[in-house]
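*Asks:* Below is a structure I'd like to ask you about.
The values are calculated or read from the model by the stated rules, or taken from the named source; none is laboratory data. This one's a predicted model, so the numbers in the text were calculated from it and none came from an experiment. Each accessible area value is taken on the protein alone, full model and side chains, heavy atoms only, with ligands, DNA and RNA left out. Shrake-Rupley method; radii C 1.70, N 1.55, O 1.52, S 1.80 Å.
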Amino acid sequence: QVQLVESGGGLVQAGDSLRLSCTASGRTFSTRAMGWFRQAPGKEREFVADISRSGGNTYYVDSVKGRFTISRDNAKNTVYLQMNSLKPEDTAVYYCAAARSVYVRVKDHADVGSWGQGTQVTVSS
């Protein structure tokens with residue numbers, strides 16, 4: 001099981017940008033798909049984006065398409081979430097997640113083997 005640590009959250013205004021980072025421990029990072037989830041106050045944790053183990057394929061929830069970009073640097077054991085044109089509805093705790101095995105992408109909670117601790121993103125209007 002990989003250990004994940006997020007950073008980069010903060011308080012921003014609508015229309016601004018943030019880049020979240022998630023750094024993983026261990027040597028198996030490059031063998032796992034990675035994803036980002038978020039959880040707003042009073043709501044369930046939802047899928048945001050994921051990226052295949054080599055970075056060649058990405059997938060996004062409709063609400064962030066065209067605004068968010070997930071990427072990874074396997075040499076640095078790091079996955080990123082670039083968030084542009086932020087909206088108040090993007091306010092949430094953002095969690096990075098590693099796939100539970102080499103064979104799955106990260107599209108749902110059941111796909112996750114490891115979670116980061118979360119980083120708060122607050123977008124004011």
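*Asks:* Quick one: in region 106-125, of everything that is of a type in the set (S, T, Y) and open to solvent by less than 60 Å² (accessible area, probe 1.4 Å), which residue is farthest from S63 (Cα to Cα)?
*Replies:* Among those residues, the one meeting the criterion is S114.
*Asks:* Of all the residues that make up region 64-94, how many are within 15 Å of G15 (Cα to Cα) and among the small types (G, A, S)?
*Replies:* Residues that pass the stated criteria total 2.
*Asks:* To continue, here is another question. Which one of the conditions (1) farther than 21 Å from V112 by Cα; (2) outside any loop (DSSP other than H, G, I, E, B) does D16 fail to meet, given that it meets all the rest?
*Replies:* (2)
*Asks:* While we're looking at this one, here's another question. Tell me the residue from E6, E44 that is modelled with pLDDT of 95 or more and not in a strand (DSSP E or B), please.
*Replies:* E44
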